[in-house]
Amino acid sequence: MKAKHQRLTLGIIALIAIIGAGLLAMSALKDQAAYFYSPSDAKKAGVPTGQAIRLGGMVTGGSIVHEPDGVTIRFVVHDNSESVPVRFKGIVPDLFKENSGVVAEGSFAADGTFVADNILAKHDERYMPPQLEGEMHKTGKVE
Amino acid sequence: MKRTILWVPLALFGLFFGIVAYGLINPADRTIESKMIGKPLPQFALPAAYDGRPALASADFGKGEPRLLNVFASWCLPCIAEAPVLEGMAKQGVPIDAIAIRDKPEDVAAFLRRNGNPYQRIGSDVKSSVQLAMGSSGVPETFVIDGKGVIRYQHVGDIRPEHVPTILEELRKAR
Amino acid sequence: MIAEAGLAALWLAFALAALQLALGVIGLWGRDTLLQAVRPVAAVQGLLTVTAFALLIWLFLRSDMSVALVAANSHSAKPWLYKFAGTWGNHEGSMLLWVTILALAGALVALFERRLNERTLMATLAAQAFIGLGFYAFLLFASNPFARLIPAAQEGQGLNPLLQDPGLAFHPPTLYFGYVGISIAFSFAVGALVTRDVGPDFARAMRPWVLISWVFLTLGITAGSYWAYYELGWGGWWFWDPVENASLMPWLAATALLHSVTVLATRDGLRAWTVMLAVVAFSMSMVGTFLVRSGILTSVHAFAVDPTRGSFILALLVIYIGGALALYALRVGTVREGSQFDLVSREGALVANNLLLSAILGVVLVGTLYPLAAEAVSGDKLSVGPPYFNTAAGPIALLLVTMMAAGPLLRWRRDDAKALLHRIAGPILISAVALLALVVLAPGTGIFPLLGLMLAGGVAAASVAPLWKRNLRRTPLFTWGMVIAHFGIAVCLAGMACESAFTKETLVAARVGETQSVGPFTVRLDSVEPVAGPNWTALEATLTARRGDGKTFILKPQARMFPSPPTETSEAAIATRLDGQLYTVLGKEDTQGRWQLRLWWKPWVTLIWLGGGLIALGGLLSLIGRARRERKAYDRKAYA
């Protein structure tokens with residue numbers, strides 16, 4: 001193969017690969033990026049059922065209800081104007097409590113309940129010594 | 001054409017730089033402001049955090065003079081940093097009370113022995129319940145309570161010398 | 001005094017780095033005699049940083065609370081191992097460790113590199129000194145590890161309990177060795193660009209550093225993944241967390257570089273591309289450091305982040321990467337074209353490997369930065385999680401692994417597609433058998449795990465195929481290295497596929513005495529009792545587990561509470577069997593006195609980390625094999 005010819009071929013292949021990867025990344029981002037909503041935003045925007053989002057707000061006082069199975073809880077997340085009922089099955093983080101901030105990852109079910117796959121409780125020792133940043137990333141789930 | 005292509009990586013890097021520089025300059029606002037500002041202090045009566053200072057109740061506020069309410073903990077680093085600043089304000093005659101969060105009496109005593117004690121009363125909030133009721137989500141935080149017992153101002157984070165004038169001004173306005 | 005001595009050593013090293021840079025630059029300008037001085041300067045600089053780091057370790061071991069860093073991160077009651085590890089379990093200490101390794105590596109290059117053309121070597125050492133200068137400045141001006149605390153603290157603030165773990169204690173240094181090795185490769189690339197001397201000698205000089213850093217990165221990522229798996233109690237082994245991505249991206253770039261540098265060393269091809277990859281690999285390790293240290297992506301600790309540090313690293317990033325890319329654009333056009341090759345050839349396969357790795361790298365980078373970009377452009381707050389990374393990177397990774405099966409079976413320069421088909425028939429057959437077996441024995445397996453397992457079978461077979469009909473005792477060590485590393489990839493892939501396809505989970509609220517079942521196991525909750533450790537208290541469950549009718553064994557998962565700072569963690573209890581792991585987590589007590597239990601049976605999950613270990617071992621063998629051959633070649637040259 002001639003030198004110029006080879007560079008061209010390689011260049012074209014590289015270009016196709018890059019464009020392909022770019023398209024793949026863009027389409028995946030469009031479908032899979034989880035947007036952050038407060039209860040009012042979610043009500044206003046009308047999030048489609050099943051779309052993965054993050055819902056953030058305060059856990060309403062007295063709203064936490066434990067289901068008889070012992071592992072499912074229900075509670076209400078509010079932001080002073082709107083509120084959304086949430087259902088979660090699993091072990092809640094230690095900092096999850098009423099009247100405190102929470103971020104729930106999941107999607108809306110058909111009945112308007114937000115089904116959370118993951119609960120991130122607001123970290124209230126936020127004055128972690130700054131030196132711990134980085135190594136502390138694993139507490140990412142305890143936001 | 002070929003020459004131009006060679007500059008593409010640098011251009012991409014420039015794009016990256018733009019994005020992160022924006023992120024650095026505009027850090028997302030993560031302070032959680034209390035929803036309680038402008039409202040009366042919630043009702044509470046906390047036991048004394050250690051035997052060196054009397055206990056603290058909501059009834060201690062609202063007696064005509066504005067007071068500072070500092071939320072701290074012996075295990076919190078920035079609380080050490082702000083201790084001298086609080087001390088200085090106390091020396092100027094600012095009445096300061098405190099709530100110690102999830103603490104033990106001996107730890108509080110040791111903390112105050114080491115870092116100074118600007119407080120008149122200290123309540124112990126073992127479960128953070130009063131802290132949450134006040135709309136405070138971390139330590140240290142400091143509230144200005146006016147002479148009628150209404151929360152007027154919230155300072156999130158350690159008080160540095162440059163914050164003192166603002167706080168004194170808020171205290172004056174709360175009179 | 002110790003702290004002051006440490007600081008003095010750092011300042012001296014800083015001055016020497018400046019001297020090294022000056023000597024190198026003036027030397028390249030024409031005064032060749034100056035070049036002789038560069039080597040000893042680099043060596044002394046390495047010695048000084050090691051001294052500074054050793055002094056910091058000493059301060060931590062003595063629990064000297066008059067040093068701010070020790071007071072903030074240590075505690076006199078801590079076990080000595082964690083006092084020791086606490087040295088680098090924080091920002092300042094870890095940056096000091098970084099420059100120590102950097103200076104040490106520079107010293108090693110100065111003392112032992114003999115093959116490379118003298119001028120290129122000097123340019124390399126000057127580039128190395130330039131990188132060093134930036135990090136010394138960062139340490140001395142923005143994060144001094146030896147700063148005193150006045151008055152001294154009576155007791156330290158403790159190390160975060162999550163970090164009190166032997167695995168994590170050695171995790172950051174491992175990654176740093178990886179990052180620094182890449183920085184050496186970067187310096188070589190800059191040196192070669194400066195002297196326009198991009199050729200096989202340059203590739204051979206750079207290759208051991210790429211290999212070393214790649215081995216360390218592989219180990220670091222593997223260990224980090226296992227740490228996240230057993231310490232966090234979520235049962236997952238990879239979360240696509242920005243910080244995990246920060247370690248994955250340099251690895252991807254280093255893997256590509258490792259392969260392209262081989263083409264350059266053996267066949268003198270891919271010159272410009274290899275230089276580019278060296279720059280990209282170093283950029284990725286800097287970007288990783290930046291993302292982690294500046295905290296702009298991880299909202300958790302962003303509150304405690306000091307923006308000056310982020311800006312400082314960003315400035316370094318702009319100087320080094322921007323500078324190198326500009327140099328690249330200016331110089332690489334004048335680098336001579338390398339030798340040619342056919343598309344169907346070993347080189348062709350390696351180019352494909354490079355393109356696919358770069359594509360994955362791009363996908364991960366885009367996903368990691370997208371939340372930031374979206375907020376900057378439209379103000380939307382969003383997060384990009386596993387669904388994105390799995391759908392976007394997964395298919396490319398599977399394609400890459402497929403290519404990996406064929407690559408080593410191809411000849412250099414030119415090969416015949418038909419001959420390749422003949423050679424790869426065996427592995428293809430094995431893949432087909434694996435697919436058939438899965439469809440029959442485990443119907444309903446998802447498409448990705450199915451493809452993964454099928455490919456794992458074929459790749460495992462194809463990776464050992466280069467040894468076919470060879471005299472195994474005469475096979476060079478680096479060929480063994482390649483075979484083992486590729487086999488490791490197949491093992492790892494099999495582990496991932498099994499984990500995602502066959503994991504069984506049970507989540508219940510159990511009373512004491514009740515028995516649950518998960519997969520082939522039955523697990524009885526015997527008791528939950530408080531226990532205490534050196535600096536924590538915990539609730540500990542005693543579980544009696546049993547597989548079928550086999551022998552019973554005990555598992556003790558804990559929910560731990562640390563008083564200083566107040567934190568709770570859950571310690572999973574894991575039973576490892578030959579064919580997988582039983583993973584148990586204790587949750588909370590409910591109002592009726594039941595305990596939440598989360599049980600997983602994860603068949604073959606251990607293959608993931610075993611594969612990672614094999615990959616690193618392959619890299620190590622390759623390194624030793626190459627070093628031996630280089631030495632022989634050098635000796636021959638010296639005697640001739």
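Coordinate-derived values only; no laboratory data. Everything numeric here is computed off the predicted structure, so don't read it as measured data. Backbone-built Cβ (ideal geometry, glycine too); neighbour counts: all protein chains shown.
Here the sum of -39500 (n - 2.57) over DSSP H runs of 4 or more residues, divided by the residues of chain C, equals -21500 deg cm²/dmol at 222 nm, to the nearest 500.
Please check: in the Gaussian network model of chain B (C-alpha springs, under 10 Å), which one of B:Leu41, B:Leu112, B:Leu24 has the largest mean-square fluctuation. Looking only at B:Leu41, B:Leu112, B:Leu24, the largest GNM fluctuation is found for B:Leu24. The Kirkwood radius of the protein assembly as shown, taken over pairs of alpha-carbon atoms, gives through the Stokes-Einstein law at 10 °C and 1.306 mPa s a diffusion coefficient of 52 µm² s⁻¹.
Taking every DSSP beta bridge that has both residues in the protein assembly as shown, what percent is antiparallel when rounded to the nearest 5? Walk me through the numbers on the way to the answer.
Working: 90 of 105 bridges.
In the protein assembly as shown, approximately 85 percent of DSSP beta bridges are antiparallel ones.
Enclosing the Cα atoms of the stretch C:174-402 in their convex hull gives a volume equal to 137 cubic angstrom per residue. Looking at the stretch B:45-173, the DSSP beta bridges with both ends there are about 60 percent antiparallel.
Separation of the stretch C:400-474 from the stretch C:212-274 is 23 Å, based on Cα centroids. Of the trypsin sites (Lys or Arg not before Pro) found in the stretch C:528-561, those that fall in a DSSP loop while having at most 11 other beta-carbon atoms within 10 Å are C:Lys551.
The stretch B:37-57 and the stretch A:71-120 have Cα centres spaced 32 Å apart. For the stretch C:1-158, the percent of C-alpha pairs falling in each 5 Å distance bin, counted from 0 to the bin holding the largest distance, reads 2, 10, 19, 19, 15, 11, 9, 7, 5, 3, 1, 0. Here's how it looks for C:Gly587: its modeled amide H is under 5 Å from those of C:Gln596, C:Leu597, C:Arg598, which are all 5 or more places away or on a different chain.
Pairs exceeding 28 Å between alpha-carbon atoms, taken from A:Lys97/B:Lys39; A:Lys89/C:Lys504; A:Lys89/C:Lys602; B:Lys127/C:Lys381; C:Lys418/C:Lys469: B:Lys127/C:Lys381. For the stretch B:115-152, the residues whose amide N sits under 15 Å from a probe point set 7 Å from the Cα of B:Val164 along the beta carbon direction are B:118.
Toward the positive end of the charge dipole of chain C, with +1 on the Cβ of Lys and Arg and -1 on the Cβ of Asp and Glu, the farthest Cα among C:Leu193, C:Ala43, C:Leu467 is that of C:Leu467.
Summarising the amide proton neighbourhood of C:Glu514: residues at separation of 5 or more, or on other chains, whose placed amide H is nearer than 5 Å comprise C:Leu525.
Could you work out Rg/(2.2 N^0.38 Å) for the stretch B:45-173, with Rg from alpha carbons only? Present the calculation step by step, with values, prior to reporting the outcome.
Numbers: Rg = 13.1 Å, N = 129, 2.2 N^0.38 = 13.9 Å.
Taking N as the residue count of the stretch B:45-173, the ratio is 0.94.
Computed 3J(HN,Hα) for the stretch C:536-547, one whole-Hz value per residue from the Karplus formula 6.51 cos²θ - 1.76 cosθ + 1.60 where θ = phi - 60°, is 8, 10, 8, 9, 10, 8, 10, 10, 9, 10, 7, 9, glycine and proline marked x.
Calculate for chain B the 222 nm mean residue ellipticity that helices alone would give, adding -39,500 (n - 2.57) per DSSP H run of length 4 or more and normalising by residue count, nearest 500 deg cm²/dmol. Before the final figure, lay out the partial values.
Details: 6 runs with 64 residues, N = 175.
Result for chain B, helices only: -11000 deg cm²/dmol.
Taking amide H as placed 1.01 Å from N in the peptide plane, B:Tyr153 has its amide H under 5 Å from the amide H of B:Val144, each at least 5 places away in sequence or on another chain.
Given a Förster radius of 45 Å and the C-beta distance between B:Tyr22 and C:Val25 as r, what FRET efficiency does 1/(1 + (r/R0)^6) yield to the nearest 0.05?
Values: r = 35 Å, r/R0 = 0.77.
Calculated transfer efficiency: 0.85.
Quick one, could you list the DSSP H helices from chain B stretching 20 Å or more along their long axis (Cα atoms) with average Kyte-Doolittle hydropathy of 1.0 or above? Display every interim value, and only then the final one.
Values: long enough: B:8-25 (25 Å, 2.25); B:77-91 (23 Å, 0.77).
Flagged H segments are B:8-25.
Arranged from fewest to most other beta-carbon atoms within 10 Å of their beta carbon, B:Leu12, C:Leu140 become B:Leu12, C:Leu140.
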